[in-house]
Amino acid sequence: MNFIINLLISALVVFGHANILPGVSISGYGSAIIVAIVIGLLTAFVRPILGILTLPINILTLGLFSFVITAIIILLASAIMGDSFHVDGFWYALLFGVVLGIVNSVVGGFLSKD
């Protein structure tokens, strides 16, 4: 049940953030749910591979390169989704990923207390 709530909240954040940030566009709330699923799958499968490949850079930058990996995941989701979800560039993807991560952490903290 927590997974579904977290997914719906992530989709709501994706939809809201796409309406606020000028560099991100989405076609509707149904697309936001699909984007949340795609980002979740990319985070589960691609992020660990990128994390291992970029470990020396991540150690050198004291973990700040993980923000770049997050932006790459968002840009990959934009490429997979096509016209229904589009991010204009790296900086918008970085901002989008940071806000999405913060909101998911806060919501995850509230859901784990139940």
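What do you reckon, is GLY23 more than 18 Å from SER105 (Cα to Cα), open to solvent by less than 20 Å² (accessible area, probe 1.4 Å), of a type outside the set (A, V, I, L, M) and under 16 Å from the mean Cα position of the chain (by Cα)? The answer is yes for GLY23. Can we say ILE59 is free of Cβ contacts under 8 Å to residues at least 24 places away in the same chain, surrounded by 13 or more Cβ atoms within 10 Å (Cβ to Cβ) and aliphatic (A, V, I, L, M)? No; evaluated as a whole, the condition is false for this residue.
Selection of segment 76-97 for residues being in contact with a Ser or Thr (Cβ under 7 Å, 6 or more places away or on another chain) and of a type in the set (Val, Ile, Thr) yields only VAL87. Applying the set (1) at pLDDT 90 or above; (2) assigned to a helix (DSSP H, G or I) to GLY63 leaves exactly one unmet item: (2).
Only one entry in ALA79, ALA36, ALA93 is within 14 Å of the chain's Cα centre (by Cα) and exposed (fewer than 13 other Cβ atoms within 10 Å of the Cβ), namely ALA79. The residues on offer are LEU76, LEU95, and the sole one that is farther than 19 Å from GLY16 by Cβ and modelled with pLDDT of 90 or more is LEU76. Scanning segment 1-20 for residues that are in contact (Cβ under 8 Å) with a residue 40 or more places away in the chain and either crowded, with 17+ Cβ neighbours inside 10 Å or under 24 Å from GLY89 (Cβ atoms) (or both) returns ILE9, SER10, VAL13, VAL14, HIS17, ALA18.
When the criteria are applied in full, GLY109 meets the requirement of being surrounded by fewer than 17 Cβ atoms within 10 Å (Cβ to Cβ) and outside any loop (DSSP other than H, G, I, E, B). Residues satisfying the criterion are present in segment 37-45 (criterion: among the small types (Gly, Ala, Ser) and assigned to a helix (DSSP H, G or I)).
The values are calculated or read from the model by the stated rules, or taken from the named source; none is laboratory data. Values in this document were obtained by computation on a predicted structure and should not be read as measured data. Every residue, glycine as well, gets a Cβ built from its backbone with ideal geometry; the counts of neighbours run over all protein chains shown. The area values use the complete protein model at the heavy-atom level, side chains included, leaving out ligands, DNA and RNA. Shrake-Rupley method; radii C 1.70, N 1.55, O 1.52, S 1.80 Å.
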